[in-house]
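First comes the structure, then the notes that go with it.
The values are calculated or read from the model by the stated rules, or taken from the named source; none is laboratory data. What you are looking at is a predicted structure, and each value in this text was computed from that prediction instead of being measured. Please note: Cβ atoms are built from the backbone with ideal geometry, for glycine as well, and neighbour counts cover all protein chains shown. Areas reflect the complete protein model, heavy atoms only, side chains present, ligands, DNA and RNA absent. Shrake-Rupley method; radii C 1.70, N 1.55, O 1.52, S 1.80 Å.
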Amino acid sequence: MLERLGLGLAALGRPAYINLGRQGALPGVRSVPAMRAAAWKVLDESYAAGIRWVDAARSYGRAEEFLAGWLADRGHEDVVVSSKWGYAYVADWRPDAPVHEVKEHSLARFERQWAETEELLGGWLSVYQVHSLTADSPLFNDPLLQQSLFELTDRGVRIGFSTTGPAQAETIRRATALTVHGRPLFSTVQSTWNVLETSAGPALAEAHEAGLHVLVKEALANGRLAVEPPAELLGIAEGAGVGADAVALAAALAQPWADTVLLGAASPAQLRANLAAARVTLPGPNTLAHLAVEPGRYWGRRAELAWN
């Protein structure tokens, strides 16, 4: 089970993010050195537990830098590294910045960010993903951008995309069908799925069947399922002797199409609590299906989360 878990660095590469439950997990002073040390501690603990997939992004502050330094220092050669382009981090390490990231799916943005990622992660990078692709993204009508992405496959880099918003399923299906020179452009997809937001499930199952590697992100609904879990989730957790976070992650792992479920732990303690998901056995993949809410409602609530 642990081999199906990965570590996402969204909460560890920058001083502010929208996840709930970070305040007590991160250093009191979130300086660059302190956050680097915090990231390395979680990376060390995840590696010791058997996790071998780490996911970053250009917009995760210094996540790529922290990850590159850790890989070079530790000498690990068996870690699958994925990162993302499309958002630029613009907060300048200010937790109170009015804007933290700016999205742009253009050829110029790709070329600039690919150069930045390559400089940091070089030969470690296995997967490069379009960050938060949507069905109306200009990428779908930009053959030069598609060709530039496709050319990375000649260098052994797999091309993927992540999705967000209430229309994830539409995006997944459109992106899965996209071809360059008669070959599928994308070989991985990373989407939000959790017991509150299950709408992408059927499309992810189709993508998995088509051969794409499916990564699940936000399985804890940006911390909501750990900090304010529904009573039914909490009841199962208490019966199993684990936290609500472990049950929510177990629900994601129960999906037969989920190849890798990403953890968003901000501390070793949070990581250890998450790893208890491997001890949870649910009756079936749809055990908690009744907790799902209408996608528009879910994403509206997510949009209200403050950077902290």
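For VAL81, the conditions (1) in contact (Cβ under 8 Å) with a residue 40 or more places away in the chain; (2) assigned to a strand (DSSP E or B); (3) open to solvent by 60 Å² or more (accessible area, probe 1.4 Å) all hold with the exception of (3). Sub-6 Å Cβ pairs linking a first residue in the range 273-286 that is under 13 Å from GLY239 (Cα atoms) and open to solvent by less than 40 Å² (accessible area, probe 1.4 Å) to a second residue that is among the aliphatic types (A, V, I, L, M) and part of a helix (DSSP H, G or I), at least 6 apart or interchain, are VAL280/ALA240; VAL280/ALA246; VAL280/VAL247; VAL280/ALA250; LEU282/ALA250, ordered by first then second residue. Among all positions in the range 223-242, there is at least one residue which is small (Gly, Ala, Ser), over 15 Å from the mean Cα position of the chain (by Cα) and open to solvent by less than 10 Å² (accessible area, probe 1.4 Å).
Against the condition open to solvent by less than 60 Å² (accessible area, probe 1.4 Å) and either among the basic types (Lys, Arg) or in a strand (DSSP E or B) (or both), how does VAL293 come out, does it pass? Spelling it out, it is not the case that VAL293 is open to solvent by less than 60 Å² (accessible area, probe 1.4 Å) and either among the basic types (Lys, Arg) or in a strand (DSSP E or B) (or both).
For the range 96-118, the criterion of being open to solvent by 50 Å² or more (accessible area, probe 1.4 Å), touching a residue at least 12 places away in the same chain (Cβ under 8 Å), closer than 17 Å to LEU7 by Cα and not aromatic (Phe, Trp, Tyr) is met by no residue. Restricting to the range 15-55, give me the number of residues that are in contact (Cβ under 8 Å) with a residue 60 or more places away in the chain, closer than 22 Å to TYR87 by Cα and among the hydrophobic types (A, V, I, L, M, F, W, C). Selection size over the range 15-55: 5. If you scan the range 98-108, which residues turn out to be assigned to a strand (DSSP E or B) and of a type outside the set (Lys, Arg)? Correct list: GLU101, VAL102.
Counting only helices (runs of 4 or more DSSP H) that sit wholly inside the range 167-242, those with at least 3 residues that are among the charged types (D, E, K, R) are 168-176. The set of residues from the range 24-73 being in contact with a strand residue (DSSP E or B) (Cβ under 8 Å, 6 or more places away or on another chain), closer than 15 Å to ALA10 by Cα, part of a loop (DSSP other than H, G, I, E, B) and hydrophobic (A, V, I, L, M, F, W, C) comprises ALA56, ALA57.
Among residues of the range 166-194 that are more than 29 Å from LEU7 (Cβ to Cβ) and open to solvent by 70 Å² or more (accessible area, probe 1.4 Å), none has a Cβ under 6 angstrom from a residue that is among the basic types (Lys, Arg) and assigned to a loop (DSSP other than H, G, I, E, B) at a sequence gap of 6+ or on a separate chain. For ALA210, state whether it is out of contact with any Phe, Trp or Tyr (no Cβ under 6 Å at 6 or more places or on another chain), open to solvent by 10 Å² or more (accessible area, probe 1.4 Å) and not acidic (Asp, Glu). Answer is yes for this residue. Residues in the range 109-133 that are part of a helix (DSSP H, G or I) and hydrophobic (A, V, I, L, M, F, W, C): 6 in all. Here is the figure for the range 134-165: residues that are surrounded by 15 or more Cβ atoms within 10 Å (Cβ to Cβ) and part of a loop (DSSP other than H, G, I, E, B) total 7. Within the range 4-54, take every residue that is among the polar types (S, T, N, Q) and open to solvent by less than 30 Å² (accessible area, probe 1.4 Å) and give me the one that is farthest from the chain's Cα centre (by Cα). Only one residue tops the list, namely SER46.
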